[in-house]
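Read-outs throughout are calculated quantities, based only on the coordinates presented, and are distinct from any laboratory measurement. The structure presented is a predicted model; accordingly, all values stated were derived computationally and were not measured. We place every Cβ from the backbone using ideal geometry, glycine too, and count neighbours over all the protein chains shown.
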Amino acid sequence: MSFRLVVLASGSGTNLQAILDQLHGHKAGEQGPLVEVAGVASDKPNAGALVRARDAAVDTAVFAGGEYPDRGARDAAIGDWADERGADLVVLAGYMQLLSADFVARFPGRIVNIHPALLPSFPGLDAIGQALEHGVRITGVTVHFVDEGVDSGPIIVQRPVPVPPDRDRGALEDAIHRTEHAVYPETIRMIAQGRVRIDPRSPRVVIIDD
Ligand code: GRF
């Protein structure tokens, strides 16, 4: 039995690429299952992520907003597509749409997102710009479960990234993206190994078993 990922992405897909390179077709540890990217879907027909998926011979689909009466209808179609592919985990990798409550309920504890800040600081758009503007000296990367809110679900893993002394945006972006490309595959691997669970006494807290 493999552990199957369905990835949703709107942009260039460098996080998808890290997942393809580090996880797709690899076993999640000695005892762990084989991890497979079973599909990549986007809301943007020209997303670079779709090219990366096709290059890796992974199934793709486009769910463009204009083709559905509302977000619920689009999310239902994405959910059907993910289920058809046997998704164990829905991985948001730069997916720029908010998912409906019905979609979140359909995949309970089975949707993850990566955010380029140390949540709950700087949720939403342009987290790197928000952090620079605020003057923080340390920002970072968060991988979290997805709930109905914006970047508000239980935190799984966080990694700090120092802001460069000259506060150069490009250098900070590079450092954050390098960190993302390590931390997202590591976190997904732990989930595939069955080591990640919500604390039954405290639903915001995530426990990672050794
Ligand atoms: C990443 O910075 C991620 O944290 C955010 O969107 C960006 C996606 O970049 N959610 P890419 O498309 O994976 O290159």
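Applying a length cut-off of 24 Å (Cα extent along the axis) and a mean Kyte-Doolittle floor of -1.0 to the DSSP H helices of the chain leaves 169-192. State, as an integer percentage, the relative contact order of the chain based on alpha-carbon contacts under 8 Å between residues 6 or more apart. Reported as a whole number, the value is 19 percent. Estimated from helical segments only, the mean residue ellipticity of the chain at 222 nm is -10000 deg cm²/dmol, where each DSSP H run of four or more residues counts as -39500 (n - 2.57).
Under unit Cβ charges (Lys, Arg +1; Asp, Glu -1), what dipole magnitude, rounded to 20 debye, does the range 2-132 have relative to its Cα centre? Before the final figure, lay out each step's value.
On the way: 10 positive and 15 negative charges, 32 e Å.
Magnitude of the dipole: close to 160 debye.
For the chain, how big is the tail of P(r) above 26 Å, as a whole percent of Cα pairs?
On the way: 7115 of 21945 pairs.
For the chain, the fraction of Cα-Cα distances above 26 Å is 32 percent.
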